[in-house]
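Please treat every number below as a calculation from the coordinates, not as lab data. From a predicted model like this one, the values you see are computed outputs, not experimental measurements. All Cβ positions, even for glycine, are placed from backbone atoms using ideal geometry, and neighbour counts span all protein chains on display.
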Amino acid sequence: MLVEDDPAIRTALSRALRDAGHTVEMFTGGIPALAAAVERRPDVIILDLGLPDVDGHDVLAMLRAVSDIPVIVASARDDEIEVIRLLDAGADDYVIKPFTAAQIDARIRAVLRRTGAPESDPPLQIGGLSIDPRSREATLDGKPVELARKEFDLLLALARRAGDVVTKRELLADVWQLAWGGGDRTVDVHLSWLRRKLGETAAQPRYLHSIRGVGVKLAAPAEEA
Ligand code: CA
C-alpha cells in the first residue's frame, strides 16, 4: 500500500513497484489508507509523512494502536531525531526523499524477511492446541476442532499472542476489522462459542482466560505447560 499525495512520486513509484512484481494500492490521504489497511491488511505500507488530511505520524500511531502491518516511512526530512522518533513510534524502516524505486524495493524485501512473509506462517502450538494459519485447521489433543470462520480468526489472533492479554478492542480490529468503535458483545459471544468448542467454560477455563476489564489471554493449561 502506497500512501503518497505527490502525484509525480506516486505514479513513478507505483509503476516501478509493479514492474518489480508487487501489487500496489495507492492512497493520497491518511484516513482512507488507514481504513483500507485495517480491512485489507497489505503486506507492507509505504507511508509519506506530509499528507493533506492527517500527518503521517498520526497515521502511524493510529495504525499501531490496532495493527502490526509493516510500515516504511518516506520523508523529505533528513533528521536523526525524527528518524528515531518514527522508529520508536513503530515504523519498521525509513527512507529519505528522493529515493530510488530500487532502494524502496530492497527495503520492502528486507522488511518482509524480518516480519515473516505469509508463506512462512507455521502452525502454532499451545499446549495440546494446534492452529495452522495456512490450512485454517485447529486440533485439540490431536482431534479436529470445527470452527466457523470468525471463531478460527479469533483463536488465531489469540494464539499469535499466546500468554499475553489481548484487549477486546484489539480483537475487534484484528478479527472484525472494527478499528474504531464496535461491540464488545461481539467478542464475548464468539468467545463463548469458542469455549464451548474447546470444551471449557468461563468459570472453569483451560485455554481461554478472561481478565475482567482488560481482555482475554490464551495460554496452555498449567499441567500441560
Ligand atoms: Ca507529501
Multiplying the sequence separation of A110 and E80 by 0.36 nm and subtracting their Cα-Cα distance, what value in nm do you get? 8.7 nm
Can you give the Kirkwood hydrodynamic radius for the range 124-218, in Å, rounded to one decimal and based on Cα pairs? 13.3 Å
For the chain, the longest principal axis of the Cα atoms and the Cα long axis of helix 30-40 enclose an angle in degrees, to the nearest 10, of 40 degrees
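If you take the square roots of the eigenvalues of the alpha-carbon gyration tensor of the range 2-115 and sort them as a ≥ b ≥ c, do you get rounded (a/c under 1.5), prolate (a/b over b/c) or oblate? Show your work: numbers first, answer last.
Working: a/c = 1.20, a/b = 1.12, b/c = 1.07.
Rounded is the answer for the range 2-115, as its axis ratio a/c remains below 1.5.
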I need two numbers for the chain: Rg to one decimal and Dmax as a whole number, Cα atoms only, in Å. 19.8, 60
Determine the gain in length on full extension of the stretch H209-D58; use 0.36 nm per residue of separation and subtract their C-alpha separation, reporting nm with one decimal. 51.1 nm
For the range 1-81 the trypsin sites (Lys or Arg not before Pro) that pass both the DSSP coil test and the at-most-16 other-Cβ-within-10 Å test are R77
So, R0 is 35 Å and r is the distance between the beta-carbons of A220 and D43; what FRET efficiency does that work out to, to 0.05? 0.70
Report the gain in length on full extension from A101 to D164: 0.36 nm times residue separation, minus Cα-Cα distance, nm rounded to one decimal. 18.8 nm
